[in-house]
Amino acid sequence: MSDIAIKAEHLSKRYVIGANRQRFHTIGEIIAHKLSGVFMTQSTPAASDATLLKALDDVSFEVKKGEAFAIVGHNGSGKSTLLKILSRVTTPSAGRAQIYGRVGSLLEVGTGFHPELTGRENVYLSGAILGMRKAEITAKFDEIVDFSGVERFLDTPVKRYSSGMYVRLAFAVAAHLEPEILIVDEVLAVGDAAFQTKCLSKMGDVAKRGQTVLLVTHNLGFISNLAERAMVLQRGQVKFVGNSSAAISAYLRSIEDNKGSCDLRGHANREPGLTPSMTSVRLTDKDGLEKQSFSVGGEWRLELEYASKSDVRLMSAGIFISSAAGLGVGSFDTFMCFPPPHRIPSSGMIRLYIPELLLCPGEYFVSVGLMLDQHHAYDLVRRAISFSVETSDLYGTGHMLSSDHGLCVFKGTAEILT
Amino acid sequence: MSAETSPNRTSISTQVAQPTVVIEAHRSWWELELYELWKYRELILTICWRDIKTRYTQSMIGVGWLLISPLFTIAVMTVIFSYWAKIPSDGVPYPLFVYSAMLPWGYFSKSLERSSTSVANESSLITKVYFPRVIIPIASNLGGLVDCVVGFVLVIAMGLWFGITPTWGILTLPLLLGLAFATALAISLWFTAIHVRYHDIAAVTGILVQVWMYASPVIYPLSMVPEQWRVVYSLNPMVGVIEGFRWALLGKASPDLLLMTISMVIVFVILAGGYLFFKKMERTFADVI
């Protein structure tokens, strides 16, 4: 008996993109292409490297039986393509994968739901499409309905459901799929907070039952809670495979390519509808050297450059620090530092100093923003830059702090009274 | 994969279990994966049931339309082709004559139109979950058979009205339905696979169905086709299907066995080719859909 659930060897997926793509959707396009070929002295190269998008490039990894394995990566890193190949939705261009066990894949919530059919009918329909036998669905029907909490509307067409009810019923069906290998893509990020927690604990149960789980998510909190091992994908290639906390650090480092500065122009995490005016952010130590990793208790500085129109009356510039799992740690801005009237120049640079960074080792995100008043942002980029905190002997006692100590560091003293 | 040793890993596990699924870049064309179809038989029926169910939701008369709309078609055809154009009908009352052919023909043309767009219509499924893609055109063609069976009731009732009692030939109807299904599936497998890539095929289907009807003995009897052209004519597989239905439902003029055999061989060839073509094309469905 092998202990491997999934073994992927040199998986690659290439798409032909750009002007040269040989994909035509109407006969007219084909004819036009054939005609243009007649007048060309040499045939166009089949697909040059420039027009080939390597969605996946030589990806190899193994997932053990009963393991919860996570895949992290930015948009376009190839993680969805990988899941599609492993769930047999699409085929690889090269390489092979062996799968040992029955696979259930959830690439979407509500796969196969038909709006005209009732909730009851959709449970059977979606269940069958996800690979359940009718007898299996009948056996679990009450459990599914119970989990979803929509029993009163079972005989109503789902097109009349609220989006929350729809998602709950859809997830309930999916959650009761009991394959040996479960492939999940981001679907956890659905529903309200309470339902998300319910989904999360259900996923935890799945992992505990000894089923293999392959999970793709952006939520690093889920990964550290659920997964034992994780793989980081970057531009279709494997950057890291290993235990999940090390993978999270590797992922966060890959975000900025280990740089302590970031160009904010055209940043993907800018809040929509605002005026892009912050241009760059830079993290430095007390000597002004650009850094990405800081030690516990060391000095931390942030430089924010911005340029807005001269008639804009800005109130303040500030930051918000959050943990890798998305938990807020604290915020700090010019509003706090200066007495009224609160006014900063319409363009320039702001430097924020935190003389003692009292955060436990781990990865942190910094969001930066410019405020017009206490309620209105002028420009805001969430999770603009990340930094890591490395352990140090803060107390001078040889005790090294770790991420197990929480987020906050108390630089306190103790007295033993007898 | 056969049992193999993995010396560089662990010496204890010398036997590697057979993988459930092997995903590879290339698949040989002879891997038909027909067992997959059997494994997914419940899904075929479920999708079929969904198609039928959703076709008649929010419809007051529902299945009643299956009886009402052919009555109008028959009336129009009888007036135009029988009273006006004086097309003969081998001694059978023309309404009955035309309807017994309209049943398989209507099934065939509707199936072709419905199933050629079926895979593209299921793009949300195709890009999200695995199942043998061929299930979709199969379910789509299967669903139309229900309409056909409802039509039998009408044709038998009409027969009794005109004083024609069913003969034992009616027992072959399940077989003939099977042949009609195979014919419709054979053609639609080609069309469906092409449609995913080139949507033009939807327009082609419309034209083809029109022309094809006049190339089949729907509104006129086979006896009107000159003797020397019969064999060429029967290369059209719908000729065998329609003649079979007429014989089974009306009990007149037993079908030409040579003609039926030609039809069946042609259907089998197109079906086998269509299946292989579909299997070849389905590998890129999720990427191009």
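Each value in this text was obtained by applying a stated rule to the coordinates, not by laboratory testing. Bear in mind that the values here come from a model prediction, so they are computed numbers and not experimental data. Here the Cβ is made from the backbone with ideal geometry for all residues, glycine too, and neighbour counts use every protein chain on show.
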| Can you work out the FRET efficiency for the pair A:Asp287 and A:His375, with r the C-beta to C-beta distance and R0 = 51 Å, to the nearest 0.05? | 0.85
| request: Could you work out, for chain A, what percent of all Cα-Cα pairs fall into each 20 Å distance bin, beginning at 0 Å and stopping at the bin that holds the largest distance? | output: 21, 44, 31, 4, 0
| What length, rounded to one decimal in nm, is gained on full extension from B:Ala25 through to B:Leu45, with 0.36 nm per residue of separation minus their alpha-carbon distance? | 4.2 nm
| task | Run the numbers on chain A and let me know its relative contact order in percent, using alpha-carbon pairs under 8 Å that are six or more apart. | result | 14 percent
| request: Sort B:Leu176, A:Leu53, B:Leu96 so the one with the fewest other Cβ atoms within 10 Å of its own Cβ comes first. | output: A:Leu53, B:Leu96, B:Leu176
| said: Quick check on chain A: of the DSSP beta bridges with both residues there, what percent are antiparallel, nearest 5%? | reply: 75 percent
| message | Taking the beta-carbon count within 10 Å as an exposure proxy, list A:Val213, B:Val269 from fewest neighbours to most. | response | B:Val269, A:Val213
| request: Using the number of other C-beta atoms within 10 angstrom as an exposure proxy, rank B:Val134, B:Val231 with the fewest first. | output: B:Val231, B:Val134
| message | Can you work out the Karplus-derived ³J(HN,Hα) for every residue in the range B:125-135? Use 6.51 cos²θ - 1.76 cosθ + 1.60 with θ = phi - 60°, whole Hz, and x for glycine or proline. | response | 7, 4, 8, 10, 8, 8, 6, x, 4, 5, 4
| query | Using every alpha carbon pair in the range B:110-211, what percent of pairs falls into each 10 Å bin from 0 up to the bin containing the largest distance? | reply | 14, 37, 27, 16, 6, 0
| task | Take the Cβ-Cβ distance between A:Glu271 and B:Phe268 as r, set R0 to 56 Å, and report the resulting FRET efficiency rounded to the nearest 0.05. | result | 0.35
| Hey, which of these cross-link pairs are over 26 Å Cα-Cα: A:Lys208/B:Lys39; A:Lys7/A:Lys198; A:Lys84/B:Lys279; A:Lys65/B:Lys128? | A:Lys208/B:Lys39; A:Lys7/A:Lys198
| What is the Cα coordinate range of the range A:261-405 on the first, second and third principal axes, sorted by size from largest, in whole angstrom? | 54, 32, 27
| request: Please find the FRET efficiency linking A:Arg152 to B:Leu71, where r is the Cβ-Cβ separation and R0 is fixed at 45 Å, and quote it to the nearest 0.05. | output: 0.60
| So which trypsin sites (Lys or Arg not before Pro) in the range A:282-370 end up in coil per DSSP with only 14 or fewer other C-beta atoms within 10 Å? | A:Lys286, A:Lys309, A:Arg313, A:Arg343
| task | State, as an integer percentage, the relative contact order of the range A:261-405 based on alpha-carbon contacts under 8 Å between residues 6 or more apart. | result | 28 percent
| field | Virtual spin-label span in nm between A:Lys208 and B:Trp84, 7 Å along Cα→Cβ | value | 7.7 nm
| query | Amide H to amide H, which residues 5 or more places from A:Thr156 or on other chains are under 5 Å from it, using H placed in the peptide plane? | reply | A:Gly119, A:Arg120
| query | Residues with beta-carbon under 13 Å from that of A:Lys411, excluding A:Lys411: net charge, scoring Lys, Arg +1 and Asp, Glu -1? | reply | -2
| message | Loop-only trypsin sites (Lys or Arg not before Pro) in the range B:81-127, please: DSSP not H, G, I, E or B, and at most 10 other Cβ atoms within 10 Å. | response | B:Lys86
| Principal axes of the range B:194-289: Cα extent on each, largest first, Å | 51, 27, 24
| request: Bin all alpha-carbon pair distances of the protein assembly as shown at 20 Å intervals from 0 and give each bin's fraction as a whole percent. | output: 14, 35, 31, 14, 5, 0, 0
| said: Using the Kirkwood radius over C-alpha pairs as Rh, can you work out the diffusion coefficient of the range B:40-288 via Stokes-Einstein at 10 °C, viscosity 1.306 mPa s, in µm² per second? | reply: 84 µm²/s
| note | Of all DSSP beta bridges with both partners in the protein assembly as shown, the antiparallel percent, nearest 5, is 75 percent
| query | Taking the Cα atoms only, what angle lies between the long axis of helix B:41-55 and the longest principal axis of chain B, rounded to 10 degrees? | reply | 50 degrees
| Which value in nm describes the separation of the simple spin-label points at A:Arg102 and A:Asp404, placed 7 Å from the Cα toward the beta carbon? | 3.9 nm
| note | In nanometres, the difference between 0.36 nm per residue of separation and the alpha-carbon distance of B:Val149 and B:Ser123 is 6.4 nm
| note | By the DSSP-based rule, helices of chain A that are at least 20 Å long along the axis (C-alpha) and have a mean Kyte score of at least -0.5 are A:193-208
